[in-house]
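Student: Below are the structure tokens for one structure; questions will follow.
Read-outs throughout are calculated quantities, based only on the coordinates presented, and are distinct from any laboratory measurement. None of these values were measured; they are calculated from a predicted model. FYI the Cβ positions are ideal-geometry reconstructions off the backbone, even for glycines, and counts take in every protein chain you see.
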Amino acid sequence: MTVKLKGFRTTKRMLHDVEAFLRSTKPMEGIVEDVAEEIQKKTARAADYKNKPFEPYSPDYAKKKKTTHVDLRLSGRMLSSMRTKVINANHGRVFIKPAGYPKTRAKTDMVANIHTTGTGKQPQREFLNISKSAMAKIHRKNYDNPIMKILGRRK
């Protein structure tokens with residue numbers, strides 16, 4: 001009896017393509033960009049990563065700044081300093097780039113950390129994070145769906 005497999009080359013090619021895709025930094029590039037975009041969207045809606053509204057400004061600070069809307073965009077410097085970096089195929093970062101200002105002004109990364117942690121008198125406004133469900137959606141978009149496409153199936 002002779003047994004001959006058909007389609008083995010196709011399967012081998014698909015597995016090679018999946019392996020090359022997983023070694024590539026392209027999926028991580030998409031992930032860090034999507035995470036940064038999600039952070040920007042939630043922050044613009046004045047919500048933390050859990051979709052809870054930001055703590056309001058103190059009455060004195062709101063009066064001084066002439067606004068009660070807390071979306072962390074008052075000056076525009078902190079969120080415009082957000083950067084992404086791909087370390088390797090499995091590791092990426094979304095961060096606030098340290099930008100020094102004149103000595104009387106704080107650095108943007110320090111201000112972001114104060115908001116995120118609620119240091120001192122500052123209420124916690126945890127914006128520089130992402131929920132598990134949002135991360136799962138981003139993972140699906142940048143890893144699972146492209147792999148399924150390589151394998152010839154759409155998800």
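Student: Do the sum for the chain: with -39,500 (n - 2.57) for every DSSP H run of n ≥ 4, divided by all residues, what is the mean residue ellipticity at 222 nm, to the nearest 500 deg cm²/dmol?
Tutor: It comes out at -13500 deg cm²/dmol, rounded to the nearest 500.
Student: Tell me the trypsin sites (Lys or Arg not before Pro) within region 5-43 that lie in a loop according to DSSP and have at most 10 other beta-carbon atoms within 10 Å.
Tutor: LYS6
Student: At SER133 and HIS69, where each label point lies 7 Å from the Cα along Cα→Cβ, what is the point-to-point distance in nanometres?
Tutor: That separation, rounded to one decimal, is 2.6 nm.
Student: While we're on this one: For a quick check, take a GNM of the chain with Cα springs below 10 Å and name the residue from LEU79, LEU128, LEU22 with the largest mean-square fluctuation.
Tutor: Result: LEU22 has the largest fluctuation of those listed.
Student: Which angle between 0 and 90 degrees, to the nearest 10, do you get for helix 8-23 versus the longest principal axis of the chain when only C-alpha atoms count?
Tutor: 20 degrees
Student: Let me ask another. Just list whichever of LYS66/LYS137; LYS41/LYS64; LYS4/LYS141; LYS121/LYS141; LYS42/LYS64; LYS42/LYS121 have alpha carbons separated by over 29 Å in the model shown.
Tutor: Pairs exceeding the cut-off: LYS66/LYS137; LYS4/LYS141; LYS121/LYS141.
Student: Continuing with this model, one more query. Taking only Cα atoms, what is the 0 to 90° angle, nearest 10, from helix 26-44's long axis to the longest principal axis of the chain?
Tutor: 30 degrees
Student: Next question. How far, in degrees from 0 to 90, does helix 108-117 lean away from the longest principal axis of the Cα atoms of the chain, to the nearest 10?
Tutor: 90 degrees
Student: Bin by bin, in steps of 5 Å, what percent of the Cα pairs in region 8-150 do you find, going until the bin that has the longest distance?
Tutor: Per 5 Å bin, starting at zero, the Cα-Cα P(r) for region 8-150 comes out as 2, 9, 15, 18, 16, 12, 8, 7, 5, 3, 2, 1, 1, 0, 0 percent.
Student: Further, regarding this structure: Compute the relative contact order of the chain as a whole-number percentage, counting only Cα pairs closer than 8 Å that sit 6 or more residues apart in sequence.
Tutor: 26 percent.
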